[in-house]
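Notes follow once the structure below has been shown.
Read the figures in this text as sums done on the coordinates, not as results from a lab. On a predicted model such as this, the values are computed, not experimentally measured, just so you know. Neighbour counts run over all protein chains shown; Cβ positions are idealised from the backbone, glycine included.
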Amino acid sequence: MLNKFLFKQVDNTSLVVFRVFFGLLIGLEGFGAILTGWVKRTFIDPDFTFPFIGFEGVLTPIQQALKQPLLDFNLFGIESLNMADYSYGFYFYFALMGICGFLVMVGYKYRWSIGTFTVLWTTAYLMQKTSYNNHYYLLILLCVFMWIVPAHHYLSVDVKKNPTLKNIYMPNWVVWIFILQLFIVYTYASIAKMYPDWISGEVTTNLMAGRKDLPIVGGFLQHKWIHYTLAYVGVGFDLLVIPGLLWKRTRVFFFVCSVVFHLFNSFVLHIGIFPYMSLALCIFFFEPETIRNIFLKNKKVYRGKEIPKGKEIDTEDEIILPPYRKVVIPIFVIYFMSQILLPLRHWTFEDDVLWTEEGHRLSWRMMLRSKAGYIQLKVIDKESRDSTYINPVTYVTPKQAARVAVKPDMLWQFVQFLKKDYAKKGTDIEVYAEGRVRVNNHPYQKLFDPTVNLAEEEWSHFSHHDWLLPFKSKYKKK
């Protein structure tokens, strides 16, 4: 039964059309990151970018190399155009990603193009956490999917150059890996919203308060009934959209809901290409004939009659059983089990994940809370016992400093950065964090134990850190 479900051949129109949209969007992401100044703000301006813990040894040298100018535009006599501003390696890095995206769109050297983009995007993602977003992580997973699927077997330059690649069908598992991944993402996003601050409309109230200056709709978004509507629609949409798209009777309705939902997110929340990526993924839920009639009217629809010769075939059900199936099935099982378990890991840590951040990343906990705080670090010379106070903003950008004040992993990394910086001057130090943090509208309170020398603490990905103080929720009785 599993073989019949996974390896039954189905029409590949949805995958081909999605490849075109996907390539266009990731191409725009690469060049858009440059043109909007995101690359400069995130990678070039900061001295330290807070890479994912454990990857510093590999990523920090890459970052330092990419921060250097690669070309001297003065040699070309065009210094008046200020082209030197775009000579840094990071601009070439993201431009290469943009080029790879457009090559994916047209299907040229497809495996190399999508593979290169995947490696470059994953490296950029791991290189910094200041602009962490679950959507960036989702894009990595989608890139890996697109790397392994036969998305270039129709409507591609590769087929023009090598007609033997041309196919109008694909195995059924291709469709279902996208659908299952989306089901996991949306379901966990909905479950994560089912907590008091969200249900009460508190989170959406805070979120919309930051959008009050938007033209036309800014004032409208400040109404309390809007905040409640957004809160409950957010829970309901995330929970029901995938089942609704799978059921033929409700498919069109939920697609229209998706259009409204994602365009709202795009115009109000300004979250880049991802609303449009989500809409493009809806293609996998529609019948191939429907997608073909809209986008590829000249393409023949596969109806299970063209089975290649020389393949291992179950002729009754028109199943192509590839030799790799005994390997790929366990890999998919392990992968999706990890995707189901990773968002649950925060339950293995003490205290609330909204407070400690332990188990937050890679868990589809999207736009669930606002967090603010202030911090100063007491630095003590171990030998002389002289002390001084340091504000992180004297070393990092204001945005990074705001993250250091509320995110334990980034604070720990900053302390290690300080420790190494002082060590270069021959000084061994102790570092103590003094400050307060606020989650949503809960009162300000201490997150970091001011009596613990953070310079001597080790970081653990799998256990609670005792220097994080317990959360005192406003809902708990005193």
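Points to keep in mind about this one:
- Couplings 3J(HN,Hα) of the range 425-441, computed from phi: 8, x, 10, 9, 10, 10, 9, 10, 9, 10, x, 9, 10, 10, 10, 6, 9 Hz, in residue order, whole Hz [Karplus 6.51 cos²θ - 1.76 cosθ + 1.60, θ = phi - 60°; x for Gly and Pro].
- Under 12 Å, Cβ to Cβ, from Pro288 - net charge with Lys/Arg +1 and Asp/Glu -1: +1
- In degrees, nearest ten, helix 173-192 long axis to first principal axis of the chain (Cα): 30 degrees
- Each helix, a run of at least 4 DSSP H residues, gives -39500 (n - 2.57); summed and divided by the residues of the chain, these come to -15000 deg cm²/dmol at 222 nm.
- Rounded to the nearest whole Hz, the Karplus-based 3J(HN,Hα) values (6.51 cos²θ - 1.76 cosθ + 1.60, θ = phi - 60°) of the range 144-154 follow the sequence 4, 4, 5, 5, 9, 8, x, 7, 9, 8, 7, with x at glycine and proline.
- Length released on extending from Thr164 to Thr250, taking residue separation times 0.36 nm less the Cα-Cα span: 27.1 nm
- Dipole of the chain, positive end: most advanced residue of Gly89, Ser200, Phe18 [Cβ charges, Cα centre]: Phe18
- Each Lys and Arg adds +1 at its Cβ and each Asp and Glu adds -1 at its Cβ; summed about the Cα centre, the chain shows a dipole of about 1480 debye.
- Rounded FRET efficiency, nearest 0.05, which uses the C-beta distance separating Leu269 from Glu289 and R0 of 30 Å: 0.30
- Rg/Rh ratio calculated on Cα atoms of the range 371-478 (Kirkwood radius): 0.99
- FRET efficiency for the pair Asp45 and Val119, taken as 1/(1 + (r/R0)^6) with r the Cβ-Cβ distance and R0 = 35 Å, rounds to 0.90.
- Distance in nm between pseudo-label sites at Asp381 and Gln222 (7 Å out along the Cβ direction from Cα): 5.2 nm
- Hz values of 3J(HN,Hα) by residue in the range 213-220 - Karplus curve (6.51, -1.76, 1.60), Gly and Pro given as x: 8, 5, x, 6, 9, x, x, 4
- Spin-label pair Ile191-Lys212: with each label point 7 Å from Cα along the Cα-Cβ axis, the two points sit 3.7 nm from one another.
- Computing FRET efficiency as 1/(1 + (r/R0)^6) for Arg436 and Lys476, where r is the C-beta to C-beta distance and R0 is 25 Å, gives about 0.85.
- Kirkwood Rh in Å, taken over the chain so that all alpha-carbon pairs contribute: 25.2 Å
- The listed peptides 184-192, 371-379, ordered by packing as a protection proxy, come out as 184-192, 371-379 (highest mean of other Cβ atoms within 10 Å first).
- Angle in degrees between helix 56-66 and the longest Cα principal axis of the chain, rounded to the nearest 10: 80 degrees
- A simple count of charges around Leu165, restricted to other residues whose Cβ falls under 13 Å of its Cβ and scoring Lys, Arg +1 and Asp, Glu -1, yields +4.
- Within-10-Å neighbourhood charge of Tyr108 [Cβ basis; K, R +1; D, E -1]: +2
- Between helix 110-127 and the chain: long-axis angle, C-alpha atoms, 0 to 90°, nearest 10: 20 degrees
- In nm, spacing of pseudo-spin labels at Phe462 and Trp38 (7 Å Cα→C-beta vector): 3.4 nm
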